[in-house]
Amino acid sequence: MVQTKLYIVLFFFIHFSVISQEKIQFDSVFNNDIKSKAEKFKEEINFRKAQSFFIKNNWDSTLVYSMKQLSTSKNSELKEFCRYFRGVSFKNKKLFNEAKKEFNKISSSFKFYYQVNTKLGEIALQQKEFEKALKYFEEVEKLSKSIQFGLKKSIVFHNKGICYLHLERFDEAEKYLFKSAVLQEIEGDSLMLGGSYMDIANLYYTQYKDSQAIPFFKKAYDLSKKVKSFELKRTATLNMAVVEENRKNFSQALVYRKEFEAWKDSLNDQNKVWAVADFEKKFAVQQKQKEVNVLAAENKAKIAERNGFIISSALLLILFGTGVYFYRQKIKSSKIILKQKNELDELNATKDKLFSIVSHDLRSSVNALKTSNSKLLENLESKNFSELDVLLHNNSTIANGAYNLLDNLLNWALLQTKQAYFYQESLHLSSIVKHVEYNYKPLMLNKNLDFKSNVNGSDYVFADMDSVKITIRNFLDNAIKFSKENGSISIYSKPSTEEFCYLVIEDTGLGMSNATREELLKDTVLLSKKKNDDIIGTGLGLQLCKSMIYKNGGKLEIESEEGVGTKIIIALQKFKNHG
C-alpha cells in the first residue's frame with residue numbers, strides 16, 4: 001500500500017503544477033496589461049518582443065529579449081515585468097533554481113506580486129521544501145479576492161494541504177484538503193475534486209485509518225468515470241485494486257486490475273478505435289450510396305412534382321402573408337385615426353367648455369361691475385359715503401377676480417401652445433413666498449383673516465421662477481376666496497426629503513368632499529364642474545397649477561375636509577448643489 005500512496009501524492013503534485021498555470025482570467029488581464037505597456041513604451045523594442053513571445057509561450061525567445069531589455073533599459077517598471085517573464089520561462093523549462101533567482105529580484109510593489117508568491121510556492125512544492133511552500137501560499141491566502149485575478153482559493157488550499165501532509169501535520173492537512181474539496185464542489189471542478197478525494201484518502205491511509213480512507217478512494221473512482229483524464233482514471237482504478245487486495249477481496253481486485261490495464265495506452269487504443277470506426281463508416285457510406293443510386297431514378301420524377309408543390313405553396317404563403325400584413329396595417333391605421341379623433345374630440349370639448357365657463361364668468365363679472373357702478377352713481381348723488389366705500393371695495397374685488405381669470409387664461413394658453421418662457425434655476429423658496437404674500441395681505445385684512453408664514457429659510461428649489469409664483473398666487477387666492485371672515489391661512493414648510501422640498505398652504509375655509517378632491521387631482525385636460533357660482537371658479541387656475549408643478553418635476557397633494565378647511569401640499573425638486 002505504501003507504493004500506491006507515494007504514486008498518488010507524486011501524481012497530484014504534477015497535476016496541480018499544471019493546473020495552477022491555467023488561469024484564463026489572470027492570463028487575459030496580465031496579457032492586456034503588458035500589451036498596453038508595450039504600446040505605451042513603443043521605443044522599447046526588446047520589451048515589445050519579449051512580451052509578444054511570452055504571450056505565445058515561446059520561452060527561449062522570451063528569455064533572450066527580456067535579458068536584452070534588462071541590460072539596456074533603465075525603466076524600473078518594465079524591468080519588473082521582464083524578471084517575471086524570465087521566472088515563468090525558467091519554471092516552465094523546469095529550471096527551478098534560475099526561476100527562483102528571477103522571482104526573488106521582483107519587489108513587493110509589483111502589481112502582480114501575488115502571482116510571484118504563487119510561483120515560488122509551486123517551485124518549493126516541486127523541490128519538496130514544504131515549509132517554504134507553506135509560507136508563500138499563506139501570503140497569497142491573506143490577499144483579498146479583488147486583487148487575485150484568476151487565482152482559485154481551492155488550489156491554494158489544496159497545495160497547503162499537500163504541504164501539511166508531507167510534514168505529517170495531519171490535522172492541518174485534513175482541514176485544508178476538505179476546504180479545497182468544498183470549494184471544488186461549488187466550482188464544479190470534477191477533475192480537481194477527484195484528486196482531492198484521493199489525497200484525503202491517502203491522508204487517512206497514512207494514519208492507518210482505513211475505514212475513513214476507503215470511502216474517499218471509492219468517491220474518487222466514481223468521479224473518474226465522469227472526467228476525460230486518463231491519468232485520473234488509471235490512478236483511481238489502481239487505488240481500488242489495492243484497497244480490495246488489502247480486504248482479501250481478490251475477485252473484485254482482479255476486476256479493478258483488468259480495468260487499470262485497459263486504461264494503459266488508452267490514447268493509442270482510442271486512435272485505433274477511431275481508425276476502425278472511420279473505415280467502417282466509409283464502407284457503410286459506399287453501401288448506402290448504392291442504395292441511393294437505385295432510388296435516384298424513382299425520386300427524380302417526384303422531385304419535379306415536389307418542387308412544383310413547394311413553389312406553389314411558397315407563392316400562396318407570400319400572398320397570404322402580404323394580405324395579412326396589409327390588413328394589419330389597415331387595422332393599425334384605423335386605430336391610430338380613431339385615437340387621434342378621440343383626442344381631438346376631447347380637446348374640442350375642453351375648448352368649448354373653457355370658452356363657455358370663461359365667457360360666463362367674465363359676463364358675470366362685467367354684469368356685477370355694471371350693477372355695482374349703477375349703485376355707485378346713485379350713492380354718489382346721495383353722498384352716502386359709507387356705502388360708496390363698500391361698493392368701491394366690491395368693484396376692486398370683482399376687477400381682481402376678472403384680472404386673475406384672464407391672467408390664468410393667458411398663462412394656460414401659453415403653456416398649452418408651448419410659447420411660455422421656462423427656465424429652471426436655484427430659487428430661495430422663502431423669498432418667493434414673501435414676494436407673493438405681500439400682494440395678498442390687503443385682501444386678507446379686508447376679510448379679517450389671520451395669516452401666518454413659516455417657510456424654512458434654508459430651502460432652495462430647482463424650478464422656474466414665474467411658474468412657481470403663479471402656482472403659489474393661485475393657491476393663496478383660492479385660500480382667501482374659500483375662507484370665511486375671521487378665518488386663518490398658513491404657509492409653512494414640511495420637513496424636506498433628499499429629493500423634494502415641501503410647501504404647505506393651509507386654510508380654515510369651506511373645504512371639499514373626498515370625491516371633489518380626487519376629481520381635482522385627476523390627470524385630465526377637462527375643467528372641474530362648477531358647484532356654486534358665487535364661490536367656485538372655472539377650475540382653470542388649478543389645471544394651470546398642476547401643469548406647472550409637473551413641468552417643474554414636482555408633485556401636488558390635497559388634504560381637505562368639508563367645513564374644516566383645505567391643505568395644499570406642493571413638492572418641488574430640491575436644488576442639491578447649493579453651498
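Return a yes/no flag: does segment 106-113 have any residue that is in a helix (DSSP H, G or I) and closer than 29 Å to residue 165 by Cβ. Let's see the steps before the verdict.
Kept after step one, since they are in a helix (DSSP H, G or I), are these residues of segment 106-113: 113.
Restricting the remaining residues to those that are closer than 29 Å to residue 165 by Cβ gives 113.
Scanning segment 106-113 turns up at least one residue that is in a helix (DSSP H, G or I) and closer than 29 Å to residue 165 by Cβ.
Can you confirm whether segment 284-300 contains a residue that is within 52 Å of the chain's Cα centre (by Cα) and either at pLDDT 70 or above or of a type outside the set (Asp, Glu) (or both)? Give the derivation first.
Keep residues of segment 284-300 that are within 52 Å of the chain's Cα centre (by Cα), which gives none.
No: segment 284-300 contains no residue that is within 52 Å of the chain's Cα centre (by Cα) and either at pLDDT 70 or above or of a type outside the set (Asp, Glu) (or both).
From the list 164, 136, pick out the single residue that is farther than 30 Å from residue 50 by Cβ, modelled with pLDDT of 85 or more and either surrounded by fewer than 21 Cβ atoms within 10 Å (Cβ to Cβ) or not small (Gly, Ala, Ser) (or both). Walk me through how you get there before you give the answer.
Numbers: 136 fails: farther than 30 Å from residue 50 by Cβ.
Only one candidate qualifies: 164.
Across segment 192-212, what is the total count of residues that are of a type in the set (Phe, Trp, Tyr) and under 42 Å from the mean Cα position of the chain (by Cα)? Let's see the steps before the verdict.
Kept after step one, since they are of a type in the set (Phe, Trp, Tyr), are these residues of segment 192-212: 197, 204-205, 208.
Subset that is under 42 Å from the mean Cα position of the chain (by Cα): 197.
Number satisfying all stated conditions: 1.
Go through 242, 227 for me and flag whichever is touching a residue at least 12 places away in the same chain (Cβ under 8 Å), more than 17 Å from residue 158 (Cα to Cα) and either in a helix (DSSP H, G or I) or in contact with a strand residue (DSSP E or B) (Cβ under 7 Å, 6 or more places away or on another chain) (or both). I'd like the intermediate steps shown before the answer.
Values: 227 fails: either in a helix (DSSP H, G or I) or in contact with a strand residue (DSSP E or B) (Cβ under 7 Å, 6 or more places away or on another chain) (or both).
Only one candidate passes the filter, namely 242.
Give just the number: which of (1) hydroxyl-bearing (Ser, Thr, Tyr); (2) over 51 Å from the mean Cα position of the chain (by Cα); (3) surrounded by 15 or more Cβ atoms within 10 Å (Cβ to Cβ) does residue 237 not satisfy?
That leaves (2) as the condition not met.
Does segment 334-350 contain any residue that is modelled with pLDDT of 70 or more and surrounded by 11 or more Cβ atoms within 10 Å (Cβ to Cβ)?
Checked against the condition, which is being modelled with pLDDT of 70 or more and surrounded by 11 or more Cβ atoms within 10 Å (Cβ to Cβ), segment 334-350 yields at least one hit.
Are any residues in segment 497-532 in contact with a helix residue (DSSP H, G or I) (Cβ under 7 Å, 6 or more places away or on another chain), modelled with pLDDT of 90 or more and more than 23 Å from residue 485 (Cβ to Cβ), and if so, which ones?
501, 503, listed by residue number.
Test residue 80 against the stated conditions and say whether it is surrounded by 15 or more Cβ atoms within 10 Å (Cβ to Cβ), under 39 Å from the mean Cα position of the chain (by Cα), more than 30 Å from residue 173 (Cβ to Cβ) and among the charged types (D, E, K, R). Talk me through it step by step, then tell me what you get.
Working: surrounded by 15 or more Cβ atoms within 10 Å (Cβ to Cβ): yes; under 39 Å from the mean Cα position of the chain (by Cα): yes; more than 30 Å from residue 173 (Cβ to Cβ): yes; among the charged types (D, E, K, R): yes.
Here the answer is yes, as residue 80 does meet what is asked.
Taking residue 188, is it of a type in the set (Gly, Ala, Ser) and buried (at least 17 other Cβ atoms within 10 Å of the Cβ)?
No: the conditions fail for residue 188.
Within segment 162-183, is even one residue under 14 Å from residue 137 (Cβ atoms) and of a type in the set (Asp, Glu)?
Among the residues of segment 162-183, at least one is under 14 Å from residue 137 (Cβ atoms) and of a type in the set (Asp, Glu), which makes the answer yes.
Could you count how many residues in segment 154-191 are of a type in the set (A, V, I, L, M, F, W, C) and assigned to a loop (DSSP other than H, G, I, E, B)? Break it down stepwise before answering.
Step one: of segment 154-191, the residues of a type in the set (A, V, I, L, M, F, W, C) are 155-157, 162-163, 165, 167, 170, 173, 177-178, 181-183, 186, 191.
When the remaining residues are screened for being assigned to a loop (DSSP other than H, G, I, E, B), the result is 167.
Within segment 154-191, residues that are of a type in the set (A, V, I, L, M, F, W, C) and assigned to a loop (DSSP other than H, G, I, E, B) number 1.
State the number of residues belonging to segment 479-522 that are in a loop (DSSP other than H, G, I, E, B) and more than 42 Å from the chain's Cα centre (by Cα). Working first, answer last.
First pass over segment 479-522, keeping only residues in a loop (DSSP other than H, G, I, E, B): 483-487, 495-499, 508-513, 522.
Checking the rest, the ones that are also more than 42 Å from the chain's Cα centre (by Cα) come to 483-487, 508-513.
Count: 11.
The values are calculated or read from the model by the stated rules, or taken from the named source; none is laboratory data. Note that the structure is a prediction, hence the values are computed from the model and not measured. Cβ coordinates were reconstructed from backbone atoms using ideal geometry, including for glycine residues, and neighbour counts include every protein chain displayed.
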